[in-house]
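Visitor: Let me give you the structure first, and then I'll get to my questions.
Rule-based calculations on the coordinates, nothing more; no lab input. Small disclaimer: the values here were computed from a predicted structure and weren't measured. Cβ placement follows ideal geometry from the backbone for every residue including glycine, while neighbour counts extend to all protein chains displayed.
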2 protein chains.
Amino acid sequence: MKKTIDVTDDQQIQVFKALADPVRLAVLKYLKHCEEPVSCGVVGKALGISKTSGSYHFKLLEAAGLITAEKIAREKYVQLQPATFERYLTNFYDQL
Amino acid sequence: MKKTIDVTDDQQIQVFKALADPVRLAVLKYLKHCEEPVSCGVVGKALGISKTSGSYHFKLLEAAGLITAEKIAREKYVQLQPATFERYLTNFYDQL
DNA sequence: TAAATAGTTCAAAAACTTTTGAACTATTTA
DNA sequence: TAAATAGTTCAAAAGTTTTTGAACTATTTA
């Protein structure tokens, strides 16, 4: 059955879905301790996830706006986007 | 495949999973505008969800600590638990 | 006491998400 | 130029979540 309750919360729900997974939480945690953008390969290796699975999770995190990505030649460099956390989490309760 | 990345984030992930669904977000939104505890039946009817499905969603919200529930005779009265939002969302980024 | 009401539980079905491996594109290195 | 490396895409398989209806318990109302 398709969800029909509210259609205005899309970005909010995408953010929560992106956060509701241990692999993606581990990715965010890893990135939090990087000063610089890091390549997907480096993150994936550090966490022991396959490149296909990595590709899937980085796509979701980017779609949710929790990370940004820049492709430089062969590699894709990712970094946290703190403004999205601020916007969708920090005041979530008051904005409910 | 079982998730093996981190086993300490259980409550955090339960909270995000609970929030990553439009029915449950609608329940929380509804409760936000209630001064008093409300019965599950009243909420369910207001949102047009079946009682079985309501029972399932209220259980998840309660397990995540986002609502508390008190059974009074036939009825179960639910209300938001703002401390959980505060604890798991407000400073999520800094706690990462 | 019988019928109605509030909610739970259970198992099956439906829907959705994640992992996997193979095949692919593009870039770099030997 | 060939081989290696970084990442993507695709379809199938595996896993998880949500909905459904029927059967149930407990309380209330007639």
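Visitor: Can you tell me how many residues in the range B:82-92 are surrounded by fewer than 18 Cβ atoms within 10 Å (Cβ to Cβ), at the interface with chain A (Cβ under 9 Å from one of its Cβ atoms) and not polar (S, T, N, Q)?
Guide: Initially, the range B:82-92 is screened for residues surrounded by fewer than 18 Cβ atoms within 10 Å (Cβ to Cβ), giving B:82-83, B:86-87, B:90-91.
Add one more test, that the residue is at the interface with chain A (Cβ under 9 Å from one of its Cβ atoms), and what stays is B:82, B:86, B:90-91.
The next check asks that each one be not polar (S, T, N, Q); those that pass are B:82, B:86.
Count: 2.
Visitor: Any idea which residue in the range B:21-45 is nearest to B:Leu80 (Cα to Cα), counting only those that are within 11 Å of DNA strand C (Cβ to nearest atom) and either in a loop (DSSP other than H, G, I, E, B) or among the aliphatic types (A, V, I, L, M) (or both)? Break it down stepwise before answering.
Guide: We begin by selecting, within the range B:21-45, every residue within 11 Å of DNA strand C (Cβ to nearest atom); these are B:21-22, B:37-45.
Adding the requirement that they be either in a loop (DSSP other than H, G, I, E, B) or among the aliphatic types (A, V, I, L, M) (or both) leaves B:21, B:37-38, B:42-43.
On the way: B:Asp21: 16, B:Pro37: 8, B:Val38: 10, B:Val42: 15, B:Val43: 13 Å.
The extreme case among them is B:Pro37.
Visitor: Oh, and also: Would you pick out the residues in the range A:73-82 that are of a type outside the set (Asp, Glu) and in contact (Cβ under 8 Å) with a residue 12 or more places away in the chain?
Guide: The initial filter retains those residues of the range A:73-82 that are of a type outside the set (Asp, Glu), namely A:73-74, A:76-82.
Across the range A:73-82, the qualifying residues are A:Lys76, A:Tyr77, A:Val78, A:Gln79, A:Leu80, A:Gln81.
Conditions (1) polar (S, T, N, Q); (2) away from DNA strand C (no atom under 14 Å from the Cβ), marked per residue:
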| residue | (1), (2) |
| --- | --- |
| A:Leu19 | no, no |
| A:Leu47 | no, no |
| A:Leu61 | no, no |
| A:Thr68 | yes, yes |
| A:Ala73 | no, no |
| A:Leu80 | no, yes |
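Visitor: Also, I was wondering about something else. Scan the range B:9-54 residue by residue and report those that are among the acidic types (Asp, Glu) and facing chain A (nearest Cβ under 10 Å). Can you show your working first?
Guide: Here is the first cut: in the range B:9-54, the residues among the acidic types (Asp, Glu) are B:9-10, B:21, B:35-36.
Residues satisfying the conditions are B:Asp9, B:Asp10, B:Asp21.
Visitor: Those residues that are more than 12 Å from chain A (Cβ to nearest Cβ), crowded, with 16+ Cβ neighbours inside 10 Å and within 11 Å of DNA strand D (Cβ to nearest atom), I need them from the range B:59-75; list them, please.
Guide: B:Leu61
Visitor: In the range A:44-51, is there at least one residue being surrounded by fewer than 16 Cβ atoms within 10 Å (Cβ to Cβ), over 14 Å from the mean Cα position of the chain (by Cα) and β-branched (Val, Ile, Thr)? Break it down stepwise before answering.
Guide: Residues of the range A:44-51 that are surrounded by fewer than 16 Cβ atoms within 10 Å (Cβ to Cβ), as a first pass: A:45-46, A:48, A:50-51.
If we keep only those that are over 14 Å from the mean Cα position of the chain (by Cα) too, we end up with A:45-46, A:48, A:50-51.
Within this subset, residues satisfying the condition of being β-branched (Val, Ile, Thr) are none.
No, the range A:44-51 has no match at all.
Visitor: OK, next. If you go through the range A:21-54 one residue at a time, how many are charged (D, E, K, R) and touching a His at 6+ places or on another chain (Cβ under 8 Å)? Please lay out each step first, then the result.
Guide: Let us first name the residues in the range A:21-54 that are charged (D, E, K, R), namely A:21, A:24, A:29, A:32, A:35-36, A:45, A:51.
From the residues that got through so far, the ones that are touching a His at 6+ places or on another chain (Cβ under 8 Å) too are A:21, A:24.
The total comes to 2.
Visitor: Of B:Gln11, B:Gln79, which residue is among the polar types (S, T, N, Q), surrounded by 13 or more Cβ atoms within 10 Å (Cβ to Cβ) and part of a helix (DSSP H, G or I)?
Guide: Details: B:Gln79 fails: part of a helix (DSSP H, G or I).
Answer to the selection: B:Gln11.
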